[in-house]
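Beneath this line is the structure, given in structure tokens, with notes to follow.
The values are calculated or read from the model by the stated rules, or taken from the named source; none is laboratory data. Keep in mind that this is a model prediction, so the values were computed, not measured. No Cβ is skipped: glycine too gets one built from the backbone with ideal geometry, and neighbour counts run over all protein chains shown. Areas reflect the complete protein model, heavy atoms only, side chains present, ligands, DNA and RNA absent. Shrake-Rupley method; radii C 1.70, N 1.55, O 1.52, S 1.80 Å.
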Amino acid sequence: MQLKPLLLGLTSAFAAAPAFAQQTLETIGAPVDRGTGFQPAATELARDLQWLDGMILVIITAIVLFVTALLAYCIVRYNRRANPNPSTFTHNTPVEIAWTVGPILILVFIGAFSLPVLFKQQEIPEGDVVIKVTGYQWYWGYEYVGEDLAYDGYMIGSPFTGGDNRLTPEVEEQLVEAGYRKEDFLLATDTAIVVPVGKTVVMQVTGADVIHSWTIPAFGVKQDAVPGRLAELWFTAEQEGIYFGQCSELCGIAHAYMPITVKVVSEAAYDAWLTASKEEGTYVDVRTVLTN
């Protein structure tokens, strides 16, 4: 008689495993206090950008060291004490050719690697998921194209959500209820973009009032939201988790309180969330969907 309840309990535990995993989505793409490096790259685009940055840093470092050494040599070799009688020539053709051709070759080398990365960003593929994002003062509006689903995303603790842009006990409680940490204040929003892992997501970006900019550093994407124009960006997230971004174009007095939250989930979780949200006609918390 005790075996049956045990089996039922184990079955329930396995069935609830996806929900538990979703409720504890790891925060991956977020700024780190006193951090100086990049956020972990969660897309191919971000890896390309970070590699390109490292390669250019090596080149720039070599140039700085060379120029510094050359300046030091000239200071020592041609100062008044070592060279009391200065030369009177005004041109040195080999040197002038070298300092013209050298930078050209360096720029061509850098361009040979940077242009393919730029083209990869700007050549928009066909999206498995297409989302139109509109920047407002000071929140974001999201519309899943072709899915009859639209909602807005406000910072938790902003005046729009009953706060005053300060981390009060009430705001901390809102963060916890929404599944975030206290450290996520100024980053977490009351709704999030939900996308499936491993699928191509195309964002159609525009603005409703002034210029905003939609960016997720861990994805390596940033696009200005210009009123009257529709721009696009794309990404394919490779790891489930929570990723944060911010409006990156000065857009007014509350510009600092216009964050972005993206939750990357499994394809099955995304399908369940999308179905539930469309039935409700608005955003449904992914955790609630999987818990039920």
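Quick grid of which residues meet (1) surrounded by 12 or more Cβ atoms within 10 Å (Cβ to Cβ); (2) in a helix (DSSP H, G or I); (3) of a type outside the set (S, T, N, Q); (4) not assigned by the TED database to the domain that holds residue 233:
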position: 39; (1), (2), (3), (4): yes, no, no, yes
position: 50; (1), (2), (3), (4): yes, yes, no, yes
position: 70; (1), (2), (3), (4): no, yes, yes, yes
position: 73; (1), (2), (3), (4): no, yes, yes, yes
position: 80; (1), (2), (3), (4): no, no, yes, yes
position: 100; (1), (2), (3), (4): no, yes, no, yes
position: 105; (1), (2), (3), (4): no, yes, yes, yes
position: 110; (1), (2), (3), (4): yes, yes, yes, yes
position: 117; (1), (2), (3), (4): yes, yes, yes, yes
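Going by the structure shown, is residue 143 assigned by the TED database to the domain that holds residue 278, among the charged types (D, E, K, R) and part of a strand (DSSP E or B)?
yes
Listed residues 21, 41, 46; which is at pLDDT below 95 and under 30 Å from residue 186 (Cβ atoms)?
Just one listed residue meets the conditions, 21.
Does residue 225 count as crowded, with 19+ Cβ neighbours inside 10 Å, of a type in the set (Gly, Ala, Ser) and closer than 16 Å to residue 153 by Cβ?
For residue 225, the condition - crowded, with 19+ Cβ neighbours inside 10 Å, of a type in the set (Gly, Ala, Ser) and closer than 16 Å to residue 153 by Cβ - is met.
Under the condition of being part of a helix (DSSP H, G or I) and not aliphatic (A, V, I, L, M), which residue from region 242-265 is nearest to residue 189 (Cα to Cα)?
Applying the filter and picking the extreme gives 257.
Which ones in region 216-232 are part of a strand (DSSP E or B) and more than 15 Å from residue 138 (Cα to Cα)? Give the derivation first.
Of all residues in region 216-232, those part of a strand (DSSP E or B) come to 216, 221-225, 227, 231-232.
Selection gives 216, 221, 222, 223, 231, 232.
Considering only region 82-98, how many residues are over 25 Å from residue 60 (Cβ atoms) and surrounded by 10 or more Cβ atoms within 10 Å (Cβ to Cβ)?
Qualifying residue count, region 82-98: 2.
Evaluate the following for residue 268: is it open to solvent by 10 Å² or more (accessible area, probe 1.4 Å) and either modelled with pLDDT of 95 or more or not in a strand (DSSP E or B) (or both)?
Taking the combined requirement at face value, the residue satisfies it.
Looking at 230, 274, which one is touching a residue at least 12 places away in the same chain (Cβ under 8 Å), out of contact with any Phe, Trp or Tyr (no Cβ under 7 Å at 6 or more places or on another chain) and surrounded by fewer than 16 Cβ atoms within 10 Å (Cβ to Cβ)?
Just a single option satisfies the conditions, and that option is 230.
On the basis of being open to solvent by 50 Å² or more (accessible area, probe 1.4 Å) and within 16 Å of the chain's Cα centre (by Cα), does residue 217 make the cut?
yes
Quick check on my filter: what residues within region 151-189 are over 24 Å from the mean Cα position of the chain (by Cα), surrounded by 19 or more Cβ atoms within 10 Å (Cβ to Cβ) and not in a helix (DSSP H, G or I)?
Hit for region 151-189 is 163, nothing else.
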